[in-house]
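Bear in mind these aren't lab numbers, they're just calculated from the coordinates by the rules spelled out. Worth saying up front: this structure is predicted, and the values here are computed from it rather than measured. Methodologically, a virtual Cβ is constructed for each residue, glycine included, from the backbone with ideal geometry; neighbour enumeration extends over all protein chains shown.
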Amino acid sequence: MQAVRDGTRWMLRLDDGQDLFAALGEFARARDLRAAQVVFGIGMFRSATVGYWDGREYRAHELTAPHEVVALHGTIARADDAPSVHLHAGLAGPDHRLVGGHLLRATVGVLEEVLLETFPGRSFGRPMVESVGLRMLDLEPGAGA
């Protein structure tokens, strides 16, 4: 991975074969990033799994053919004192059809370019909200509800 910083922004280039979530999580852990936005990402995934939340669980759709990443965005927060990466993606297959949703898993194919915007001095949380069954972004953890 290559990374360059300009103020609060980081431009990343992930390489072929990297696990997207592991790479972003390790990047956040190494720099103690506790609050960030994935502004965009473009590139290719060798394989990926996208999900659709049906109100109780994610219905997963496995993509085994390489897909171009035409949209990638999300957040990086903290959950259980570790980086928590939440991403959504729009992916174009070899037939030029788009598929998208909550990104559950992805392996980079060739490369992935990602722009992060960080929030220095902030810490976003991602606690489990039992009534919904999901970890939800908390912009001010510890501030009280």
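Out of Val70, Thr49, Gly7, whose Cα points farthest toward the positive end of the dipole of segment 1-88 (charges: +1 Lys, Arg; -1 Asp, Glu; placed on Cβ)?
Highest projection toward the positive end goes to Gly7.
Pop out the ³J(HN,Hα) list for segment 40-48 in order, Karplus 6.51 cos²θ - 1.76 cosθ + 1.60 with θ = phi - 60°, rounded to Hz; leave Gly and Pro as x.
Listing the rounded values in order: 7, x, 9, x, 8, 10, 5, 8, 7 Hz.
Classify segment 2-135 from the C-alpha gyration tensor, please: rounded if a/c falls under 1.5, else prolate or oblate depending on whether a/b exceeds b/c. Write out the running numbers ahead of the final one.
Details: a/c = 2.10, a/b = 1.14, b/c = 1.84.
Oblate.
Can you tell me, using C-alpha contacts under 8 Å and at least 6 residues apart, the relative contact order of the chain as a whole percent? Please report the intermediate quantities before stating the final value.
On the way: 363 pairs, mean separation 45.4, N = 145.
Computed value for the chain: 31 percent relative contact order.
Near Leu63, within a Cβ-to-Cβ distance under 10 Å, what is the net charge of the other residues, with Lys and Arg +1 and Asp and Glu -1?
Numbers: positive: Arg46, Arg105; negative: Glu62.
In short, +1.
Using the Cα gyration tensor of segment 11-60, with a ≥ b ≥ c the square roots of its eigenvalues, what is the shape: rounded (a/c below 1.5), prolate (a/b larger than b/c) or oblate (neither)? Each step should come with its number before you reach the end.
Working: a/c = 2.16, a/b = 1.39, b/c = 1.56.
It comes out oblate by the Cα gyration axes.
Distance in nm between label sites at Met1 and Leu115, each 7 Å beyond Cα in the beta-carbon direction?
1.9 nm
Once the other residues with Cβ under 12 Å from the Cβ of Val38 are scored (Lys, Arg +1; Asp, Glu -1), what is the net sum? Display every interim value, and only then the final one.
Numbers: positive: Arg9; negative: Glu112, Glu113, Glu117.
The answer is -2.
Which one, Gly90, Ala60, Leu116, projects farthest toward the positive side of the charge dipole computed for segment 2-135 from Cβ point charges (K/R +1, D/E -1)?
The residue sitting most towards the positive pole is Leu116.
Suppose every K and R has +1 on its Cβ and every D and E has -1 on its Cβ; what is the size of the dipole of the chain about the Cα centre, in Debye to the nearest 20? Write out the running numbers ahead of the final one.
Details: 15 positive and 19 negative charges, 38 e Å.
Around 180 debye, computed over the chain.
Net charge near Glu117: determine it from the other residues with C-beta under 14 Å of the C-beta of Glu117, scoring Lys and Arg +1 and Asp and Glu -1.
+4
Restricting to DSSP H runs of at least four residues, report the calculated mean residue ellipticity at 222 nm for the chain, -39500 (n - 2.57) per run over all residues, nearest 500 deg cm²/dmol.
Details: 1 runs with 11 residues, N = 145.
Estimated from H runs of four or more residues: -2500 deg cm²/dmol.
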